[in-house]
Structures are given as C-alpha cells and as structure tokens.
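Please read the structure below before turning to the comments.
The values are calculated or read from the model by the stated rules, or taken from the named source; none is laboratory data. Only a predicted model underlies this, so the values are computations on that prediction, with no experimental measurement involved. Methodologically, a virtual Cβ is constructed for each residue, glycine included, from the backbone with ideal geometry; neighbour enumeration extends over all protein chains shown. For accessibility, only protein heavy atoms count, side chains too; no ligands or nucleic acids. Shrake-Rupley method; radii C 1.70, N 1.55, O 1.52, S 1.80 Å.
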Amino acid sequence: QTFRGSLNSYKFPKDFFWGVATSAFQIEGAVNEGGRKPSVWDTFSAIPGRIKDGSSPAVACDHYHRYKDDIKLMAQLGVKDYRFSIAWPRIIPDGRGKVNEEGVDFYKRLLDELNKYGITPHATLFHWDSPQALEDKYGSWRSREMASDFADYATAIVTRLGDRITHWMTLNEISQFTHLAYGVDSQPNNAPGTRVSSKKEVWQTSHHALLAHGLGCQAIRAASPKPCAIALVLDIGSTVPLTESAADIAAAQKAFHTYWFNGGIIFPALTGAYSPIMLKELGADAPDIQDGDLKTIHQPLDDFGINLYTGKYARAANNPQGYELLDFPKSYPKMQATWIKFIPESLYWAIRHVSDTLGRQDLPLFVSENGCITQDELNESGEVIDSDRILYLRQYLRAAHRAIQEKYPLKGYFLWSLMDNFEWSRGYSDRFGIVYTDYKTQKRIPKASFNWYAECIRQNRVV
Ligand code: GBH
C-alpha cells in the first residue's frame, strides 16, 4: 500500500508522542551559580583550541534563568513531552558525598513549570557532564568507582524528584563520553580528552559506563516512590542495506554486529553479552569483565531510546566477513556537517536492527534524538527559513512511520533540539534548533521548522 499523494497520509498512532530534547550543559549556562562546581566539559572548554569557535559554555542559552520562557515556547509548539538532562555537578558538586539542595531546587522549579503546561518530563541522568572532582580523584570513567558513584547520584536524584518524574534515562550515548573522550593516538574531541596507553583501557571506560547504567537502573527502581519507566539512550550505528534484497539485508545485519558501538555497547546492555563477532575482532583489546558484570549490565528496561542522525550503507560481498560498508562519494548529500549524511532510511533500519537483529522485539522504542544542522541566518524580515531542516525531518519521520506501519514498537519521537545550543567541541557554530538562539541578546526566534513541527504535532502526522 502506498500513502503518497494522499492529503491525510503519514498519520501516527493516537498515543504516539512528539517531543523535543535538550541537555543540561548545552543550554543551562550559570556554571558558577546555585552551588554548581565544574564538570569535565568546563575544564576541557577552557583549553585553547578544543572548542572550534573558541567560545565558552559558561552562558550557553542561559536556560537556568530563562527556563520559564523556554517552557512557554514548548507549550506554543504543542509538545507534551520534553527530554532534558540533570547536571550531576549541580546535584553532587564534588561527584560523591554531599547533595546540594540548591541544585535540586532548580529542577523542582523547572518541573513545576512543565507541569503547569501539562508537559511530561523525561529526564536523562547523565549527558556527559562528569564532575571534574571525580576526574581528578580517580580518572572518572577509567575507574570502576565511577559506576557506584553514578548509582549514588541516581539515588539522590530519584529520592528527591521521583514524585515529579516517572520517565528516566540513565546515560546518553556511552560511545561519546568513553571511546570518543579517551584516545590512544590523539587527543579526542570530547571531554576529558585524555590520552590513554591502550585500546583495552578505552574499552574499559565503556565497560564501566555500562556498569553505571546497570547499577543506575537498580538504584532508580529502589528509590522511586512511584512506578516508573527506565530507558537507556544510545547512538546507533545504523547499517542500511544498499538494496532491500535478502543478501544485502543479511549483510547489513552482520555489519550491525561489528560496528563497534553496537557490538560493544548495545549488545551487552540489551542482550547481556558483547557481540561474539565483535569480541573476536577485539582480541586482546577487549575489556576485563568481572564475574557478574554482564548480569548487572543487562537490567530489565521499560524502553530504549535511539539517537539517530545518519547511517552507513552495507552490501553483500565476497569476502570472509560477507559484507562491506561503503564509502560515501564526495558529492553525497549532507546537512552542513560531514558526519550528517542524509540517509532517512537509517532511522527505519536502526529501529529494525534493535528489534530484529538484537532479538529485542519485546522492547518499546522511542527516538530520543533526531535532527540536523542547517546554515541558519536571519533574513531581512528577521525570520529563519530553514527549509532544508524541514525536508530532512520530514523524510526521517516518514521512515519512522514506515517502522510503525510494519508493527515495530516505536512509541515517540524527540526532536534534537528545541533551540540552538552549545554543540560541544563545535561551540555555537553548529545550530540544531527549531528555535534560533541569538547569543548576543538571548532572544529566541522560532524558525520555519518550528511552525512546521507544530503542525505535525497538531495533525499527528508528517505534513
Ligand atoms: C548527540 O551526539 C548528543 O547526544 C547531543 O548532545 C548533540 O548535541 C547531538 O547529538 C548533535 O551532535 O563535527 O566532525 O567534530 C551525537 C554525536 C557529537 C557526533 C559531535 C558528531 C561532532 C563531529 N555527535 N560530533 S565533528
């Protein structure tokens, strides 16, 4: 059946949710206020040359002070679900030990304001802002201690905010704050940007993060005063079959295993075992796994969040692996960044691989991030007409719709991001928002994509 040409096409199920996403360090600013102490990103950003445009994250979108206006924007957009993150260095400024109630109070104010508009909060406990104190103490993710400190932080939060939040996410994108934050050959682009001596040490950091996730799940369940839903959020290496022939699909499934952040991160979290194909490939670089670790890591989850921007094409090949991943030609379309190749069907395949290739058909899924960079400029009338963002989102959402048509359990979608914000090592030069942030005045200007997304939400379909 085809839906093309129908004016009422691409309808989503009644209970499908449409949301927007942000993260604490990228929007809050106020880094020295309310008892907060530095995270590894504060330290890293201060090193000359680490942030592309040399900018400081100290103010970002000043959301700490402007959260009421930002929530008003969300209400205007019509979203009923908001994904944000809580800053560990606000809650436990030294990483472990004393809880800073002033930090907790900020999130109480935020949550009460969301509640006023009937917006459901979905909170990520960790979106990369490790307390600097733990980096100084024991090298943060290089140490197993980080996992238990994370669990204690989770307990502190859920004890205090569990009456207001029932949708939790543990960690955001383990690959990014481990493998892309600890490097062997060069200084990596993400904080703390530490050089380590072996690949095995790098694998140890992601193993510790998996343990943190497992212990964190247990801590949330134990502390929550209400029934709650717990998810893990990972970036998926979406391997897209070049054609949908049986041979290319089988090749894409094999490729899915060996893509390092699948086989080495999603597999243990969702199946309780590192992908055997992957472990074989790693050899001596594989992490040390203690007895009971995999059981701890493999916690029952209520949902799973997929962060998805792009993918890679795979096809069947006459080589020992049976597949090859294709290089992109120089001319391949991308969204103002070499890494965001325009591959709408990568969203469909990410969903299908998590369900089928991992054998987790039982697990409800949501898109926890999807979006793109566009070259936004205000026109003469002071508007931002980001047509390429609209076209990108429209195609990716159609791919999500296909997954739902085929009965994959996709429950909702969070667009990255509500507003332009501090894009990590790219500073403020990469704009992901559907709201334009004027960093000089902190004025918010809804872009054309904001109005388009509002219409999708209103009609519950891709318009
Ligand atoms: C996610 O990271 C994060 O969860 C979110 O915080 C982030 O803002 C969003 O996606 C957009 O990046 O330009 O070559 O230096 C996805 C991982 C991290 C991948 C930054 C691209 C920059 C590569 N992204 N990275 S480059």
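For segment 31-49, taking the residues that are open to solvent by 10 Å² or more (accessible area, probe 1.4 Å) and within 30 Å of S449 (Cβ to Cβ), the one that is nearest to the ligand (Cβ to nearest atom) is identified as S45. Might you let me know whether segment 434-443 holds any residue that is at pLDDT 95 or above, within 13 Å of the ligand (Cβ to nearest atom), open to solvent by 30 Å² or more (accessible area, probe 1.4 Å) and over 25 Å from R394 (Cβ atoms)? Taking every residue of segment 434-443 in turn, none turns out to be at pLDDT 95 or above, within 13 Å of the ligand (Cβ to nearest atom), open to solvent by 30 Å² or more (accessible area, probe 1.4 Å) and over 25 Å from R394 (Cβ atoms). Residues in segment 305-317 that are in a strand (DSSP E or B), open to solvent by less than 20 Å² (accessible area, probe 1.4 Å) and touching a helix residue (DSSP H, G or I) at 6+ places or on another chain (Cβ under 8 Å): 2 in all. Selection of segment 230-260 for residues being over 25 Å from N318 (Cα atoms) and either open to solvent by 10 Å² or more (accessible area, probe 1.4 Å) or within 16 Å of the ligand (Cβ to nearest atom) (or both) yields A231, L232, V233, L234, D235, I236.
For segment 231-261, the tally of residues that are under 19 Å from the mean Cα position of the chain (by Cα) and part of a strand (DSSP E or B) stands at 6. Looking only at segment 262-285, decide whether some residue is part of a helix (DSSP H, G or I), at pLDDT below 95 and within 27 Å of E406 (Cα to Cα). Yes, segment 262-285 has at least one match. The residues in segment 168-201 that are outside any strand (DSSP E or B) and either closer than 19 Å to S39 by Cβ or touching a residue at least 40 places away in the same chain (Cβ under 8 Å) (or both) can be counted, and the count is 21. State which residue is farthest from the ligand (Cβ to nearest atom) when the search covers only segment 137-175 and only residues that are open to solvent by 40 Å² or more (accessible area, probe 1.4 Å) and under 30 Å from G49 (Cβ atoms). Checked segment 137-175; the qualifying residue farthest from the ligand (Cβ to nearest atom) is K137.
Among what's in segment 93-127 and is in contact with a Leu (Cβ under 9 Å, 6 or more places away or on another chain) and closer than 19 Å to G214 by Cα, pick the residue that is nearest to the ligand (Cβ to nearest atom). For segment 93-127, the residue satisfying everything is H127. The single residue among D94, D53, D105 that is in a helix (DSSP H, G or I), acidic (D, E), surrounded by fewer than 23 Cβ atoms within 10 Å (Cβ to Cβ) and more than 20 Å from the chain's Cα centre (by Cα) turns out to be D105. For segment 264-276, residues that are open to solvent by less than 80 Å² (accessible area, probe 1.4 Å) and farther than 21 Å from R142 by Cβ total 7. Applying the criterion of being open to solvent by 10 Å² or more (accessible area, probe 1.4 Å) and of a type in the set (A, V, I, L, M) to the residues of segment 220-229, the residue that is farthest from the ligand (Cβ to nearest atom) is A222.
Condition check for I86 on (1) more than 16 Å from the ligand (Cβ to nearest atom); (2) of a type in the set (V, I, T); (3) buried (at least 20 other Cβ atoms within 10 Å of the Cβ): one failure, at (1). Would you call D15 part of a loop (DSSP other than H, G, I, E, B), surrounded by fewer than 14 Cβ atoms within 10 Å (Cβ to Cβ), modelled with pLDDT of 95 or more and acidic (D, E)? Yes: the conditions hold for D15.
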